[in-house]
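This report concerns only the one structure given below.
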Amino acid sequence: MSFWDRWHIPIMLAPTMAVIFFLFFGGLVYGTMTSLGWQPLIGRTEISLDAYYNILFSPEMAHIFWQGLLLTVWVSVGSTFISAVLALLSALLLRRTFVGKRLATFLFQLNLPVPHVVAAIGILFLFSQSGVLSRAGAQLGLFDFPRDFPVMVRDRFGIGMMLSFVWKEVPFIGVIVLAILQSLGVDYEDLARSLGANRWQRFRYVILPLVMPGILSGSIIVFAFTFGSYEVPAILGVRFPRTLPVTAVRFFRNPDLNARTEGMAISIIISIIVFFLVLGYMWLSRRAIRQD
């Protein structure tokens, strides 16, 4: 085997991988150094953990960070859990044979290419107190004025953000689960049925364990994305508390360049949380494989 036959694939991939490596690790190194106070453009070259101390413990910033972290976790976990449950139910329905199944499957996947910012703006137009539903409800006499519509957008509990994420992520996880279900067929269920298992037992002990790896893999991607998402919380969130990505961008865009240190520190903390979450998922996956 010649040198080219052995190494032609790595050589062809090298330019693309070099760009990815430079952009990812270059940005990670720059963000880490900035979070440690290294900003030579403004004369700061000393390395310290002051930014991390400020955002975690200082009276001026700690409440901003911890309340932002609580909101970020709440929105991410809630959106991921609701999306996973609805995706599983949708996939179980779409695997059945019924009239219009192709159309239903097409409509289920229709919003996959829609950008999240478009979805957020759509939720704002629909569910805000001056949106379509509030005005329609006032016209129909459901309440006196559009402002009487329940606060579902730019609320302190992140309902609007969750609506936007769920609308986008249910098809994403659902397509993964549906592909797994279609590849399995009905042999396992028929065997369980022949052994006397009822519908709940077939779901609990046959279907769910088989699709759980797909649900977990899709959920970890959804959680990582929602945890670090900026555009949806920026459009649908309140001024306080803000999610961590919005807070980080706010610090980074501060006219005082010294504030970039705290902004980068928050970004690094977000990356660390997501990194350990991915490690935990990989550990659980390998453990499940070994048990199988």
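The values are calculated or read from the model by the stated rules, or taken from the named source; none is laboratory data. Since this is a predicted model, take the numbers as computed values, not measurements. Ideal geometry is used to build each Cβ from the backbone, glycine not excepted, and the neighbour counts take in all protein chains shown.
Take Val118 and decide whether it is surrounded by fewer than 16 Cβ atoms within 10 Å (Cβ to Cβ) and at pLDDT 90 or above. Write out each step before concluding.
On the way: surrounded by fewer than 16 Cβ atoms within 10 Å (Cβ to Cβ): yes; at pLDDT 90 or above: yes.
It is true that Val118 is surrounded by fewer than 16 Cβ atoms within 10 Å (Cβ to Cβ) and at pLDDT 90 or above.
What do you reckon, is Ile289 surrounded by fewer than 21 Cβ atoms within 10 Å (Cβ to Cβ) and at pLDDT 85 or above?
On the way: surrounded by fewer than 21 Cβ atoms within 10 Å (Cβ to Cβ): yes; at pLDDT 85 or above: no.
Answer is no for this residue.
Could you check, for the stretch 128-145, whether at least one of its residues is surrounded by 13 or more Cβ atoms within 10 Å (Cβ to Cβ) and in contact with a Gly (Cβ under 9 Å, 6 or more places away or on another chain)?
There is at least one residue in the stretch 128-145 that is surrounded by 13 or more Cβ atoms within 10 Å (Cβ to Cβ) and in contact with a Gly (Cβ under 9 Å, 6 or more places away or on another chain).
How about the stretch 235-264: which of its residues are within 13 Å of Met162 (Cα to Cα) and in a helix (DSSP H, G or I)?
First, pick out the residues of the stretch 235-264 that are within 13 Å of Met162 (Cα to Cα): 235-237, 243.
If the condition is that a residue be within 13 Å of Met162 (Cα to Cα) and in a helix (DSSP H, G or I), then Ile235, Leu236 are the ones that fit.
Taking the stretch 86-110 as the search range and keeping residues that are surrounded by fewer than 16 Cβ atoms within 10 Å (Cβ to Cβ) and among the polar types (S, T, N, Q), which one is modelled with the lowest pLDDT?
Of the residues in the stretch 86-110, the ones surrounded by fewer than 16 Cβ atoms within 10 Å (Cβ to Cβ) are 89, 93, 96-104, 106-107, 109-110.
Keeping just the survivors that are among the polar types (S, T, N, Q) gives 97, 109.
Details: Thr97: 80, Gln109: 89.
Among those that are surrounded by fewer than 16 Cβ atoms within 10 Å (Cβ to Cβ) and among the polar types (S, T, N, Q), it is Thr97.
Could you please let me know if Pro241 is under 28 Å from Arg156 (Cα atoms), touching a residue at least 12 places away in the same chain (Cβ under 8 Å) and assigned by TED's automatic domain parsing to the domain that holds Ile55?
Values: under 28 Å from Arg156 (Cα atoms): yes; touching a residue at least 12 places away in the same chain (Cβ under 8 Å): yes; assigned by TED's automatic domain parsing to the domain that holds Ile55: yes.
Criteria met by Pro241.
With respect to Leu69, determine if the residue is of a type in the set (A, V, I, L, M) and in the same structural domain as Ala224 (by TED's automatic domain parsing).
Details: of a type in the set (A, V, I, L, M): yes; in the same structural domain as Ala224 (by TED's automatic domain parsing): yes.
Against the criterion (of a type in the set (A, V, I, L, M) and in the same structural domain as Ala224 (by TED's automatic domain parsing)), Leu69 qualifies.
Leu103 passes all but one of (1) more than 23 Å from Val246 (Cα to Cα); (2) not β-branched (Val, Ile, Thr); (3) not assigned by TED's automatic domain parsing to the domain that holds Thr226; which number fails?
(3)
Among (1) in a loop (DSSP other than H, G, I, E, B); (2) more than 30 Å from Ile180 (Cβ to Cβ); (3) among the β-branched types (Val, Ile, Thr), there is one condition Ile121 misses while meeting the rest; what is its number?
Condition not satisfied by Ile121: (1).
Within the group Leu23, Leu69, which residue is part of a helix (DSSP H, G or I) and either at pLDDT 90 or above or more than 22 Å from Gly263 (Cα to Cα) (or both)?
Working: Leu23 fails: either at pLDDT 90 or above or more than 22 Å from Gly263 (Cα to Cα) (or both).
Exactly one residue qualifies, and that residue is Leu69.
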